[in-house]
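A short reminder: the numbers here are calculations on the coordinates, not readings from a lab. Note that the coordinates shown come from a computational prediction; the quantities given were computed from them, not determined experimentally. Note: ideal-geometry Cβ built from the backbone for every residue, glycine included; neighbour counts use all protein chains shown.
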Amino acid sequence: MSLLPEETKERINTLFEAQKLNFFKVKAESVNARKAKLIKLKKAISSRENEVVDALIKDLRKPAFESCIWEIYLMYGEIDFAVKNLSDWSKSHKIPSNFLTLINDSRVLYEPKGVCLIIGPWNFPFQLIIGPLISAIAAGNCSILKPPSMAPATSAIVAKIIKETFSENEIAVVEGDANISTELLSLPFNHIFFTGSPYVGKIVMAAASKHLTSVTLELGGKSPVIVDSKVNLEKAASKIVWGKFANSGQTCVAPDYVFVHESKRDQFVDLLGKNIEKEYILNGSLNKDEYCKIISDGNFKRVKNLFDDAVKSGAKVKVGGTFDEIDNTIHPTVLTDVSKESLIMKEEIFGPVLPVLTYKNIDEVLDYINSKDKPLALYIFSENDKFVNNVINKTSSGGACVNDVVIHYTNPNLPFGGVNNSGMGNAHGFYGFKAFSHERGIMHQSKLFDFNSMIYPPYSGKIKEAALKFYKKYI
């Protein structure tokens, strides 16, 4: 039963119906019209850039530099990439024929799916709703956006930008809590793009199934890091510290835990501490101007509970371990001697606590990873190609990165997405365009001769017998 006021439900339904009525007009627009919309969106974001940064500071205490790079400039790049390549993506392409359609013209045409729902998460509340929107516009769809209520300042600026840039019968924003999402999910959208946790992803997929709506699910999971015994540990530690503690660990592709060869553990942990000191400590204290807070009291307590359980189970705190409840700040923390049975090794941490485990033989690491849900990302640090290929060939993950972390996300030429529990479908560049497109097969029968007539009744006679033998060999 919906807890929403009737006027709110009516507004949502009115928006949805208006976009349904307008969709075929939008679909018929040229590729150049889509490009113009993307350029217009970029200009709108640029004109409100400072407001976006301010909103992210309010919601997450996100440093301005980090906001610009990850939340805003990455979107400029995504728009530019789409505008540059959209003409090629949108072309119908001829495909080969079989014997029955030998002289026919067979093509695949990418056409927009229709009215789409985009539900964004709170950890990157601007980027992870604008990014899918870029793909939806490029593909020619109408869209309703649902920004995260846990990031209210960013939600408000997203709504402001969209309202100033587009008509609501093409692109609209509906703000609010989970009740709004529930109401939206009850409608028969043509596609749903959701970014969030696997738990909520299952709810989204169940709702979509009632209307046979296609979905793209960008989820998460416990992304492991494997550090080989023969590797530049200093570089590895620097990269892992950056990828893990940026956004205070609230990143879907953040390293979740590290396996390092037992002979290198102490040196590696020492280097992690030195890099944390260099990047986040100023005059002996955590520099909170350069470091995000945890989004909410509830998430702060959740991560604290994982930490407490790990320590209770025997984990040793090598770096950090300080929790400032007054402003929801968890200091960058490194744990060793972590029990694999502790909660922190079973649940996605999504916070700035890094368990470091050891191994003797790589096979024991691969067995452990493969016994868990497939992760969104897998990171390998090694200078040995045989070692790297062995890990990649014997594991499965949404994506993988060798000798770095997270950075693969920024390449629009790569598909980005999970597998099974970590997600379904891909995003970015052509893959985002494809997610919001229907691949429509179209065949034009030849005007010269119709081979199909040879298989029409009646089926008796020597001609049909000869045709059957011929088709068995060549069809």
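Return the distance in nm (one decimal) between the two label points of a simple spin-label model at L448 and S339, each offset 7 Å from Cα along Cα→Cβ.
Taking the simple label geometry, L448 and S339 are separated by 7.6 nm.
Output the relative contact order of the chain, whole-number percent, from Cα pairs under 8 angstrom with separation of 6+ residues.
Details: 885 pairs, mean separation 86.6, N = 475.
Relative contact order here is 18 percent.
Exposure proxy check: Y368, Y474 ranked by fewest other beta carbons within 10 Å? Before the final figure, lay out the partial values.
Values: Y368 16, Y474 10.
Least crowded to most crowded, the residues run Y474, Y368.
Using just the helices of the chain, give the 222 nm mean residue ellipticity in deg cm²/dmol: DSSP H runs with n ≥ 4 each add -39,500 (n - 2.57), and the total is spread over all residues, rounded to 500.
Value at 222 nm, helices only: -13500 deg cm²/dmol.
Determine which aspartates and glutamates satisfy two conditions relative to K318: a Cα distance under 20 Å, and not lying fewer than 8 residues away in the same chain.
E234, D256, E262, D266, D270, E277, E279, D308, D309, D337, E341
Principal axis extents for the stretch 224-417, Cα atoms only, whole Å, descending order, please.
Principal-axis extents of the stretch 224-417 (Cα, largest first): 48, 40, 31 Å.
Taking a cut-off of 19 Å, what percent of all Cα-Cα pairs in the stretch 1-76 are separated by more than that? Mind dumping the intermediate values first?
Working: 1747 of 2850 pairs.
When every Cα pair of the stretch 1-76 is considered, 61 percent fall beyond 19 Å.
Please state, rounded to one decimal and in Å, the Kirkwood hydrodynamic radius that the stretch 171-240 gives when every pair of distinct Cα atoms enters the mean of 1/r.
Details: mean 1/r = 0.0666 Å⁻¹.
This gives a value of 15.0 Å.
Given H placed 1.01 Å from N in the peptide plane, which residues other than close sequence neighbours of L354 have an amide H under 5 Å from its amide H?
T333, V334, L335
Sorting Y471, Y359, Y199, Y291 on the 10 Å Cβ count, fewest up front, what's the list?
Working: Y471 13, Y359 18, Y199 10, Y291 23.
Sorted ascending by nearby Cβ count, the order is Y199, Y471, Y359, Y291.
In terms of Cα to Cα distance under 28 Å, which lysines are near enough to K464, apart from those fewer than 8 places away along the same chain?
Candidates past the 8-residue exclusion: K447, K472, K473.
Can you work out the FRET efficiency for the pair D385 and I95, with r the C-beta to C-beta distance and R0 = 30 Å, to the nearest 0.05? Walk me through the numbers before you get to the answer.
Details: r = 36 Å, r/R0 = 1.21.
According to the calculation, E is roughly 0.25.
For q = 0.10, 0.19, 0.21 Å⁻¹, what log10 I(q)/I(0) does the stretch 151-279 give under the Debye formula with an equal point scatterer on each alpha carbon and no solvent?
-0.54, -1.06, -1.20
Just flag the trypsin sites (Lys or Arg not before Pro) in the stretch 338-397 sitting in loop per DSSP whose Cβ has no more than 11 other Cβ atoms within 10 Å. It would help to have the intermediate numbers written out before the result.
Details: sites: K340, K346, K360, K372, K386, K394; in loops: K340, K346, K360, K372, K394.
Counting only loop positions with at most 11 other Cβ atoms within 10 Å, the trypsin sites (Lys or Arg not before Pro) in the stretch 338-397 are K360.
Among K434, K37, K94, K235, what is the fewest-to-most ranking by other Cβ atoms within 10 Å?
K94, K235, K434, K37
Suppose R0 equals 41 Å. What FRET efficiency, 1/(1 + (r/R0)^6) with r the Cβ-Cβ distance, do S167 and S371 give to the nearest 0.05?
On the way: r = 51 Å, r/R0 = 1.24.
That pair, S167 with S371, gives E of 0.20.
Using the basic label-point model (7 angstrom from Cα toward the beta carbon), what is the D363 to I455 distance in nanometres?
5.1
If the cut-off is a Cα-Cα distance under 16 Å, which lysines reach K58, setting aside same-chain residues fewer than 8 apart in sequence?
Straight-distance partners of K58: K288, K293.
Mean separation of Cα pairs under 8 Å and 6+ residues apart, divided by the residue count of the stretch 278-370: what relative contact order is that in percent? Each step should come with its number before you reach the end.
Values: 115 pairs, mean separation 22.0, N = 93.
Computed value for the stretch 278-370: 24 percent relative contact order.
Would any residue of the stretch 214-228 have its amide N under 18 Å from a label point 7 Å out along Cα→Cβ of M205? List them or say none.
Those under the cut-off are 214-223.
Run the simple label-point estimate for K304 and R440 please: 7 Å along Cα→C-beta, distance reported in nm.
Reported label-point gap for K304 and R440 is 5.5 nm.
For the chain, how big is Rg over Rh, using alpha carbon atoms and the Kirkwood form of Rh? Numbers along the way, then the final one.
Details: Rg = 25.8 Å, Rh = 24.5 Å.
Radius of gyration over Kirkwood radius for the chain works out to 1.05.
With both partners inside the stretch 192-291, how many of the DSSP beta bridges are antiparallel, as a percent to the nearest 5? Walk me through the intermediate numbers first.
Details: 2 of 10 bridges.
So the antiparallel bridges in the stretch 192-291 amount to around 20 percent.
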